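The values are calculated or read from the model by the stated rules, or taken from the named source; none is laboratory data. Quantities reported herein were computed from a predicted structural model and do not represent experimental measurements. No Cβ is skipped: glycine too gets one built from the backbone with ideal geometry, and neighbour counts run over all protein chains shown.
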Ligand SMILES: Nc1ncnc2c1ncn2[C@@H]1O[C@H](COP(=O)(O)OP(=O)(O)OP(=O)(O)O)[C@@H](O)[C@H]1O
(Lines give C-alpha, C1' and ligand atoms only; values in the text may rest on other atoms or scores of the structure.)
Protein backbone atom coordinates (compact mmCIF):
# COMPACT_ATOMS: atom_id res chain seq x y z
CA UNK A 1 0.00 0.00 0.00
CA UNK A 2 1.43 3.36 -1.01
CA UNK A 3 1.06 6.25 1.43
CA UNK A 4 -0.88 9.25 0.12
CA UNK A 5 2.24 11.39 0.60
CA UNK A 6 4.03 9.40 -2.09
CA UNK A 7 1.28 10.07 -4.58
CA UNK A 8 0.47 13.14 -6.65
CA UNK A 9 -3.27 12.48 -6.29
CA UNK A 10 -4.97 10.08 -3.89
CA UNK A 11 -8.63 9.81 -3.01
CA UNK A 12 -10.41 7.53 -0.58
CA UNK A 13 -14.08 6.72 -1.03
CA UNK A 14 -14.59 10.02 -2.84
CA UNK A 15 -18.31 10.47 -3.40
CA UNK A 16 -20.61 13.18 -4.73
CA UNK A 17 -24.36 13.00 -4.63
CA UNK A 18 -26.66 15.46 -6.37
CA UNK A 19 -30.04 14.83 -4.74
CA UNK A 20 -30.90 11.20 -5.36
CA UNK A 21 -28.20 10.82 -8.02
CA UNK A 22 -24.74 9.58 -7.10
CA UNK A 23 -22.50 11.22 -9.70
CA UNK A 24 -19.26 9.89 -8.17
CA UNK A 25 -19.50 6.72 -6.13
CA UNK A 26 -16.73 5.99 -3.65
CA UNK A 27 -13.69 6.20 -5.90
CA UNK A 28 -10.08 5.59 -4.84
CA UNK A 29 -7.83 7.36 -7.31
CA UNK A 30 -4.12 6.56 -7.26
CA UNK A 31 -1.93 8.85 -9.36
CA UNK A 32 1.82 8.36 -8.81
CA UNK A 33 4.27 11.24 -9.17
CA UNK A 34 5.48 11.58 -12.75
CA UNK A 35 2.49 9.80 -14.27
CA UNK A 36 0.38 10.93 -17.18
CA UNK A 37 -2.91 9.63 -15.87
CA UNK A 38 -5.57 9.27 -18.55
CA UNK A 39 -8.89 9.68 -16.76
CA UNK A 40 -11.35 8.12 -19.15
CA UNK A 41 -15.05 7.58 -19.32
CA UNK A 42 -18.09 8.33 -21.43
CA UNK A 43 -19.86 11.67 -21.09
CA UNK A 44 -21.68 11.90 -17.79
CA UNK A 45 -19.62 9.19 -16.07
CA UNK A 46 -18.42 11.59 -13.36
CA UNK A 47 -15.00 12.79 -14.53
CA UNK A 48 -15.67 16.53 -14.27
CA UNK A 49 -17.35 16.19 -10.88
CA UNK A 50 -14.33 14.23 -9.62
CA UNK A 51 -11.92 16.87 -10.92
CA UNK A 52 -13.97 19.65 -9.36
CA UNK A 53 -13.77 17.85 -6.02
CA UNK A 54 -10.00 17.39 -6.39
CA UNK A 55 -9.57 21.11 -6.96
CA UNK A 56 -11.81 22.10 -4.07
CA UNK A 57 -14.41 23.64 -6.40
CA UNK A 58 -17.17 21.43 -4.98
CA UNK A 59 -17.18 19.63 -1.67
CA UNK A 60 -17.52 15.86 -1.58
CA UNK A 61 -20.56 14.20 -0.01
CA UNK A 62 -18.13 11.67 1.48
CA UNK A 63 -14.51 10.60 1.28
CA UNK A 64 -11.24 12.50 1.15
CA UNK A 65 -8.63 13.58 -1.34
CA UNK A 66 -5.01 14.63 -1.19
CA UNK A 67 -2.98 16.51 -3.78
CA UNK A 68 0.82 16.35 -3.54
CA UNK A 69 0.41 14.82 -0.09
CA UNK A 70 -1.82 17.58 1.32
CA UNK A 71 -5.42 17.07 2.31
CA UNK A 72 -7.48 19.44 0.14
CA UNK A 73 -10.10 20.03 2.84
CA UNK A 74 -7.63 20.60 5.71
CA UNK A 75 -4.71 22.26 3.89
CA UNK A 76 -6.15 23.77 0.72
CA UNK A 77 -3.38 26.35 0.21
CA UNK A 78 -0.37 24.01 0.18
CA UNK A 79 -2.44 21.38 -1.63
CA UNK A 80 -3.39 23.68 -4.48
CA UNK A 81 -0.47 26.12 -4.79
CA UNK A 82 1.59 23.88 -7.05
CA UNK A 83 -1.37 22.54 -8.97
CA UNK A 84 -2.29 24.06 -12.34
CA UNK A 85 -5.65 23.33 -13.79
CA UNK A 86 -7.76 23.68 -16.86
CA UNK A 87 -11.43 23.26 -16.07
CA UNK A 88 -13.85 24.89 -18.46
CA UNK A 89 -10.99 27.13 -19.66
CA UNK A 90 -10.36 30.74 -18.63
CA UNK A 91 -12.34 33.46 -20.43
CA UNK A 92 -9.89 35.27 -22.70
CA UNK A 93 -10.51 38.66 -24.23
CA UNK A 94 -10.77 38.40 -28.05
CA UNK A 95 -9.27 41.81 -28.84
CA UNK A 96 -6.26 41.53 -26.53
CA UNK A 97 -3.07 39.74 -27.52
CA UNK A 98 -2.22 36.37 -26.07
CA UNK A 99 0.41 38.03 -23.90
CA UNK A 100 -1.94 40.75 -22.63
CA UNK A 101 -4.51 38.08 -21.76
CA UNK A 102 -1.98 36.19 -19.64
CA UNK A 103 -0.91 39.41 -17.92
CA UNK A 104 -4.58 39.99 -17.01
CA UNK A 105 -4.90 36.44 -15.78
CA UNK A 106 -1.79 36.79 -13.67
CA UNK A 107 -3.12 40.06 -12.20
CA UNK A 108 -6.18 38.14 -10.99
CA UNK A 109 -3.91 35.83 -8.96
CA UNK A 110 -3.43 37.50 -5.59
CA UNK A 111 -0.41 35.35 -4.79
CA UNK A 112 1.58 36.28 -7.88
CA UNK A 113 4.58 38.61 -7.76
CA UNK A 114 3.88 41.62 -10.03
CA UNK A 115 7.58 42.29 -10.56
CA UNK A 116 8.01 38.98 -12.36
CA UNK A 117 4.76 38.95 -14.33
CA UNK A 118 6.28 39.76 -17.70
CA UNK A 119 9.07 37.19 -17.36
CA UNK A 120 6.68 34.47 -16.18
CA UNK A 121 4.15 35.24 -18.91
CA UNK A 122 6.81 35.02 -21.60
CA UNK A 123 8.27 31.84 -20.11
CA UNK A 124 4.81 30.24 -20.09
CA UNK A 125 4.15 31.34 -23.68
CA UNK A 126 7.51 30.00 -24.73
CA UNK A 127 6.75 26.74 -22.96
CA UNK A 128 3.60 26.17 -25.02
CA UNK A 129 5.23 27.36 -28.26
CA UNK A 130 3.33 30.66 -28.51
CA UNK A 131 6.06 33.23 -27.91
CA UNK A 132 6.27 34.08 -31.60
CA UNK A 133 2.51 34.74 -31.57
CA UNK A 134 2.53 36.64 -28.26
CA UNK A 135 1.41 39.96 -29.76
CA UNK A 136 -1.27 38.47 -31.98
CA UNK A 137 -4.86 39.06 -30.92
CA UNK A 138 -6.55 36.14 -29.22
CA UNK A 139 -9.36 36.10 -31.78
CA UNK A 140 -6.83 35.37 -34.50
CA UNK A 141 -5.49 32.31 -32.68
CA UNK A 142 -6.39 28.87 -34.00
CA UNK A 143 -8.32 26.54 -31.68
CA UNK A 144 -5.13 24.67 -30.82
CA UNK A 145 -3.34 27.94 -30.01
CA UNK A 146 -6.24 29.02 -27.79
CA UNK A 147 -6.05 25.83 -25.83
CA UNK A 148 -2.27 26.07 -25.55
CA UNK A 149 -2.71 29.62 -24.23
CA UNK A 150 -5.12 28.26 -21.62
CA UNK A 151 -2.49 25.71 -20.59
CA UNK A 152 0.10 28.53 -20.48
CA UNK A 153 -2.28 30.24 -18.05
CA UNK A 154 -1.99 27.20 -15.80
CA UNK A 155 1.81 27.41 -16.03
CA UNK A 156 2.27 31.00 -14.83
CA UNK A 157 3.43 29.58 -11.51
CA UNK A 158 5.69 26.55 -11.01
CA UNK A 159 3.52 23.42 -11.03
CA UNK A 160 4.14 19.88 -9.88
CA UNK A 161 0.71 18.69 -10.99
CA UNK A 162 -1.50 19.69 -13.89
CA UNK A 163 -5.16 18.74 -13.98
CA UNK A 164 -6.67 19.13 -17.42
CA UNK A 165 -10.36 18.47 -17.98
CA UNK A 166 -11.05 17.47 -21.59
CA UNK A 167 -8.28 19.74 -22.94
CA UNK A 168 -8.86 18.73 -26.55
CA UNK A 169 -12.64 19.00 -26.51
CA UNK A 170 -13.80 20.75 -29.67
CA UNK A 171 -10.32 20.88 -31.23
CA UNK A 172 -9.60 19.84 -34.80
CA UNK A 173 -7.06 17.03 -35.37
CA UNK A 174 -4.18 19.51 -35.70
CA UNK A 175 -5.13 21.27 -32.45
CA UNK A 176 -5.50 17.90 -30.74
CA UNK A 177 -2.01 16.91 -31.83
CA UNK A 178 -0.61 20.21 -30.54
CA UNK A 179 -2.15 19.76 -27.11
CA UNK A 180 -1.18 16.09 -26.92
CA UNK A 181 2.39 16.94 -27.83
CA UNK A 182 2.47 19.67 -25.20
CA UNK A 183 1.14 17.36 -22.47
CA UNK A 184 3.75 14.76 -23.44
CA UNK A 185 6.60 17.24 -23.19
CA UNK A 186 5.40 18.70 -19.87
CA UNK A 187 5.32 15.17 -18.49
CA UNK A 188 8.83 14.53 -19.75
CA UNK A 189 10.00 17.47 -17.69
CA UNK A 190 8.60 15.80 -14.59
CA UNK A 191 5.17 17.40 -14.18
CA UNK A 192 2.51 14.89 -13.17
CA UNK A 193 -0.53 15.26 -15.42
CA UNK A 194 -4.08 14.10 -14.86
CA UNK A 195 -5.96 14.48 -18.13
CA UNK A 196 -9.59 13.56 -18.61
CA UNK A 197 -11.17 12.58 -21.86
CA UNK A 198 -14.10 10.76 -23.36
CA UNK A 199 -11.98 10.16 -26.46
CA UNK A 200 -9.65 7.22 -26.39
CA UNK A 201 -7.41 8.34 -29.18
CA UNK A 202 -6.51 11.51 -27.30
CA UNK A 203 -4.92 9.92 -24.30
CA UNK A 204 -3.90 6.42 -25.26
CA UNK A 205 -0.61 7.49 -26.82
CA UNK A 206 0.54 9.67 -23.94
CA UNK A 207 -0.81 7.96 -20.81
CA UNK A 208 1.40 5.91 -18.53
CA UNK A 209 -1.59 5.18 -16.29
CA UNK A 210 -5.31 4.87 -16.90
CA UNK A 211 -8.41 5.21 -14.78
CA UNK A 212 -11.72 4.26 -16.35
CA UNK A 213 -15.01 5.66 -15.08
CA UNK A 214 -18.40 4.19 -15.77
CA UNK A 215 -21.58 5.59 -14.21
CA UNK A 216 -19.77 7.20 -11.28
CA UNK A 217 -17.53 4.23 -10.51
CA UNK A 218 -13.85 3.70 -11.19
CA UNK A 219 -14.04 0.35 -12.99
CA UNK A 220 -10.33 -0.04 -13.77
CA UNK A 221 -7.12 1.68 -12.75
CA UNK A 222 -3.39 1.07 -12.99
CA UNK A 223 -0.56 1.31 -15.46
CA UNK A 224 -1.75 1.16 -19.06
CA UNK A 225 -0.42 -2.42 -19.25
CA UNK A 226 -2.16 -3.45 -16.03
CA UNK A 227 -5.48 -2.06 -17.17
CA UNK A 228 -5.22 -3.82 -20.51
CA UNK A 229 -4.37 -7.01 -18.61
CA UNK A 230 -7.62 -6.89 -16.62
CA UNK A 231 -9.63 -7.87 -19.63
CA UNK A 232 -9.72 -11.08 -21.57
CA UNK A 233 -8.07 -11.60 -24.98
CA UNK A 234 -10.26 -11.31 -28.02
CA UNK A 235 -10.55 -13.26 -31.26
CA UNK A 236 -10.78 -11.38 -34.53
CA UNK A 237 -12.13 -12.92 -37.69
CA UNK A 238 -11.79 -11.06 -40.98
CA UNK A 239 -14.26 -12.27 -43.59
CA UNK A 240 -16.42 -11.16 -46.51
CA UNK A 241 -19.44 -12.57 -44.63
CA UNK A 242 -19.22 -11.07 -41.13
CA UNK A 243 -22.90 -11.66 -40.32
CA UNK A 244 -22.52 -15.40 -40.96
CA UNK A 245 -19.33 -15.44 -38.86
CA UNK A 246 -21.09 -13.60 -36.06
CA UNK A 247 -23.87 -16.23 -36.01
CA UNK A 248 -21.27 -19.02 -35.74
CA UNK A 249 -19.47 -17.30 -32.85
CA UNK A 250 -22.72 -16.65 -31.00
CA UNK A 251 -23.76 -20.32 -31.45
CA UNK A 252 -20.40 -21.44 -30.09
CA UNK A 253 -21.02 -19.42 -26.95
CA UNK A 254 -18.48 -16.60 -27.40
CA UNK A 255 -19.42 -13.39 -25.65
CA UNK A 256 -19.38 -9.76 -26.71
CA UNK A 257 -19.66 -10.72 -30.37
CA UNK A 258 -19.52 -7.58 -32.46
CA UNK A 259 -19.29 -6.88 -36.19
CA UNK A 260 -16.96 -4.01 -37.17
CA UNK A 261 -16.85 -3.69 -40.94
CA UNK A 262 -15.41 -6.91 -42.33
CA UNK A 263 -14.15 -7.94 -38.90
CA UNK A 264 -15.95 -9.83 -36.16
CA UNK A 265 -14.56 -9.44 -32.64
CA UNK A 266 -15.49 -11.58 -29.63
CA UNK A 267 -14.23 -12.86 -26.30
CA UNK A 268 -13.56 -16.60 -26.57
CA UNK A 269 -13.89 -17.42 -22.87
CA UNK A 270 -13.27 -21.18 -22.53
CA UNK A 271 -13.64 -21.89 -26.25
CA UNK A 272 -10.22 -22.76 -27.71
CA UNK A 273 -9.19 -21.04 -30.98
CA UNK A 274 -9.00 -24.36 -32.87
CA UNK A 275 -12.68 -24.94 -32.14
CA UNK A 276 -13.59 -21.45 -33.40
CA UNK A 277 -11.74 -21.91 -36.70
CA UNK A 278 -13.19 -25.37 -37.17
CA UNK A 279 -16.75 -24.12 -36.64
CA UNK A 280 -16.26 -21.22 -39.05
CA UNK A 281 -14.87 -23.48 -41.77
CA UNK A 282 -17.58 -26.04 -41.13
CA UNK A 283 -20.25 -23.35 -41.58
CA UNK A 284 -18.71 -22.33 -44.90
CA UNK A 285 -17.45 -18.92 -43.71
CA UNK A 286 -14.46 -17.83 -45.83
CA UNK A 287 -11.86 -16.76 -43.26
CA UNK A 288 -9.42 -14.17 -44.58
CA UNK A 289 -7.63 -13.66 -41.30
CA UNK A 290 -7.95 -15.02 -37.78
CA UNK A 291 -6.16 -13.79 -34.68
CA UNK A 292 -6.27 -14.06 -30.91
CA UNK A 293 -4.94 -10.77 -29.57
CA UNK A 294 -4.74 -8.59 -26.53
CA UNK A 295 -7.73 -6.27 -26.55
CA UNK A 296 -7.36 -2.86 -28.12
CA UNK A 297 -8.32 0.03 -25.87
CA UNK A 298 -11.61 0.17 -27.69
CA UNK A 299 -12.32 -3.49 -26.84
CA UNK A 300 -11.31 -2.73 -23.29
CA UNK A 301 -13.81 0.05 -22.85
CA UNK A 302 -16.62 -1.94 -24.35
CA UNK A 303 -15.82 -4.70 -21.85
CA UNK A 304 -15.38 -2.36 -18.88
CA UNK A 305 -18.15 0.14 -19.40
CA UNK A 306 -20.56 -1.74 -21.62
CA UNK A 307 -20.41 1.26 -23.92
CA UNK A 308 -18.54 2.00 -27.08
CA UNK A 309 -16.21 4.96 -26.83
CA UNK A 310 -15.91 7.58 -29.48
CA UNK A 311 -12.68 6.67 -31.16
CA UNK A 312 -12.10 10.13 -32.57
CA UNK A 313 -13.61 13.59 -32.36
N1 LIG B 1 -24.28 20.58 -10.31
C2 LIG B 1 -24.91 19.45 -10.64
N3 LIG B 1 -26.19 19.23 -10.26
C4 LIG B 1 -26.82 18.08 -10.56
N5 LIG B 1 -26.28 17.07 -11.27
C6 LIG B 1 -25.01 17.23 -11.70
C7 LIG B 1 -24.26 18.43 -11.40
N8 LIG B 1 -23.02 18.28 -11.97
C9 LIG B 1 -23.00 17.07 -12.56
N10 LIG B 1 -24.19 16.44 -12.41
C11 LIG B 1 -24.52 15.09 -12.92
O12 LIG B 1 -23.52 14.19 -12.50
C13 LIG B 1 -23.23 13.23 -13.52
C14 LIG B 1 -21.76 13.23 -13.83
O15 LIG B 1 -21.44 14.43 -14.50
P16 LIG B 1 -19.96 14.86 -14.88
O17 LIG B 1 -20.04 16.19 -15.56
O18 LIG B 1 -19.09 14.73 -13.71
O19 LIG B 1 -19.57 13.72 -15.92
P20 LIG B 1 -18.37 13.71 -16.96
O21 LIG B 1 -17.89 12.30 -16.97
O22 LIG B 1 -17.40 14.76 -16.67
O23 LIG B 1 -19.09 14.01 -18.29
P24 LIG B 1 -18.82 15.21 -19.30
O25 LIG B 1 -17.63 14.76 -20.10
O26 LIG B 1 -20.09 15.24 -20.09
O27 LIG B 1 -18.59 16.44 -18.49
C28 LIG B 1 -24.10 13.59 -14.70
O29 LIG B 1 -25.24 12.76 -14.69
C30 LIG B 1 -24.49 15.03 -14.44
O31 LIG B 1 -25.74 15.32 -15.00
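Give the range 223-258 a look and list any residue that's within 30 Å of residue 194 (Cβ to Cβ), touching a helix residue (DSSP H, G or I) at 6+ places or on another chain (Cβ under 8 Å) and assigned to a strand (DSSP E or B), or say none.
234, 256
Looking at this structure, is residue 31 assigned to a strand (DSSP E or B), more than 9 Å from the ligand (Cβ to nearest atom) and within 17 Å of the chain's Cα centre (by Cα)? Before you say what the answer is, go through the steps one by one.
Details: assigned to a strand (DSSP E or B): yes; more than 9 Å from the ligand (Cβ to nearest atom): yes; within 17 Å of the chain's Cα centre (by Cα): yes.
Yes: the conditions hold for residue 31.
When the residues of the range 104-144 are filtered to those that are in a helix (DSSP H, G or I) and in contact with a strand residue (DSSP E or B) (Cβ under 9 Å, 6 or more places away or on another chain), which remaining residue is farthest from residue 80 (Cα to Cα)?
Filtering the range 104-144 down to residues in a helix (DSSP H, G or I) leaves 104-107, 114-127, 131-133, 138-140, 143-144.
Those left that are additionally in contact with a strand residue (DSSP E or B) (Cβ under 9 Å, 6 or more places away or on another chain): 133, 138.
Values: 133: 30, 138: 28 Å.
Top of the filtered list is 133.
The rows are residues; the columns are (1) modelled with pLDDT of 85 or more; (2) loosely packed, with under 14 Cβ neighbours inside 10 Å; (3) not in a helix (DSSP H, G or I).
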residue: 270; (1), (2), (3): yes, yes, yes
residue: 276; (1), (2), (3): yes, no, no
residue: 279; (1), (2), (3): yes, no, no
residue: 284; (1), (2), (3): yes, yes, yes
residue: 291; (1), (2), (3): yes, yes, yes
residue: 303; (1), (2), (3): no, no, no
residue: 312; (1), (2), (3): no, yes, yes
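Restricting the range 234-257 to residues that are at pLDDT below 90 and surrounded by 15 or more Cβ atoms within 10 Å (Cβ to Cβ), which is farthest from residue 281 (Cα to Cα)? Talk me through it step by step, then tell me what you get.
Filtering the range 234-257 for residues at pLDDT below 90 gives 234, 255-256.
In the following step, the residues that additionally are surrounded by 15 or more Cβ atoms within 10 Å (Cβ to Cβ) were identified as 234, 256.
Numbers: 234: 19, 256: 21 Å.
Residue satisfying both the conditions and the ranking: 256.
Among the residues of the range 2-18, is any within 20 Å of residue 215 (Cβ to Cβ), at pLDDT below 95 and either more than 15 Å from the ligand (Cβ to nearest atom) or in a loop (DSSP other than H, G, I, E, B) (or both)?
Looking for residues that are within 20 Å of residue 215 (Cβ to Cβ), at pLDDT below 95 and either more than 15 Å from the ligand (Cβ to nearest atom) or in a loop (DSSP other than H, G, I, E, B) (or both), one finds none in the range 2-18, hence no.
Of all residues being part of a loop (DSSP other than H, G, I, E, B) and within 6 Å of the ligand (Cβ to nearest atom) in the range 41-56, which is surrounded by the fewest Cβ atoms within 10 Å (Cβ to Cβ)? Just the residue, please.
So the residue we want is 43.
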